[in-house]
Amino acid sequence: MPANEPQLTLGERLRHAPAGNRFIDKDLAKAGRSTQMIGQGTPGSSTERYRIAAGELANTGRYTAADIVFVSANGQRPGRFNPIDAAGRPLGVYRNLERAVLAGATIVTDIPADRNRPYNTGERQVAAWLQRSGYAEVDDGVWRPAQPDVSKPSATSVSDETVAPGDGIVVVNKHRLSAAEQRQVIYIGRGSPLGNPYMVKPHGPYERGTTLQLYERHLRERIAVGDAAVCDALNEIWRRARRGERVRLMCFCAPERCHGEVIADVVSEKLP
């Protein structure tokens, strides 16, 4: 396309995809509000036609919280591309889901009535993965980072905090905080810039200690490449800690070990 011509939106591109999909209307409704696409399908499938039509807007691996990402996955067809493996990990281009979730992007999938049709195996896999990754379906087929839920009472009398390596930095369990307390914390769960993409058993394939090792490598890599969202979040923790505040990092793990301890350790390296 010549540089002086306006770029087609994702919805406009998919509208010009080759014919042959009787569900094109519901897919265009998904794509019409989206800025990017994640997906890959077998030759001739609607997902593959959409990927080709989307061009450079498909599977970019670069997302922000402002993005609305249309996801398409093969249904129950021969030779289908499986988006999620048996251990609950995204496969192939669907690993971009991890990047989109880390950025806090909005994800658009099939609505429940469509994805619950027996054929739509891939769409159900994607929806289940989003739920496990801390996302909530805020409208039919529209997924955003879940807001902290303060309605659940503590199941036990264990402490709600884990002391982290950085002086004055603690990791707290979101289920044990009041609404007022939540306004004073920094959320580090999935969907935030500092979320841990490596899931602990039984929700994922990793032992807790392994997830922390993987997360530390991931965090330092994001710092090394200058990831703006990650660096901004770390700088906010550093500023509060440097002022002598008691910084509370909110996740789901305490009193179990949590990636918040890695975050605190990295921040403490820069404290006086």
- Message: Going by amide H atoms built from the backbone, whose H comes under 5 Å of the H on SER34, apart from near neighbours?
- Response: GLY11
- Note on the structure: Taking placed amide H atoms and a strict 5 Å upper bound, the residues 5 or more places from VAL247 or on another chain that come that close are ILE169, VAL170
- Message: For region 161-268, what does the relative contact order come out to in percent, with C-alpha contacts under 8 Å and a separation of six or more?
- Response: 49 percent
- Rounded to the nearest Å, what's the spacing between the alpha carbon centres of region 45-63 and region 227-257? Just the number, please. 35 Å
- Note on the structure: Rounded to whole angstroms and listed largest first, the alpha-carbon spread of region 161-268 along its three principal axes comes to 37, 33, 23
- Query: In nanometres, what is the gap between the two model label sites at LEU91 and ALA180, each 7 Å from Cα along Cα-to-Cβ?
  - Reply: 5.1 nm
- Can you list the HN-Hα couplings for region 212-226, worked out from phi with the Karplus curve (6.51, -1.76, 1.60; θ = phi - 60°), rounded to whole Hz and with x for Gly and Pro? 5, 5, 5, 5, 4, 4, 4, 5, 5, 5, 5, 5, 4, 8, x
- Query: Amide H to amide H under 5 Å from TYR135: which residues, 5+ apart in sequence or cross-chain, H placed 1.01 Å off N in plane?
  - Reply: ALA146
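Read the figures in this text as sums done on the coordinates, not as results from a lab. The structure presented is a predicted model; accordingly, all values stated were derived computationally and were not measured. Glycine gets a Cβ as well: all are built from the backbone with ideal geometry, and neighbour counts include every protein chain shown.
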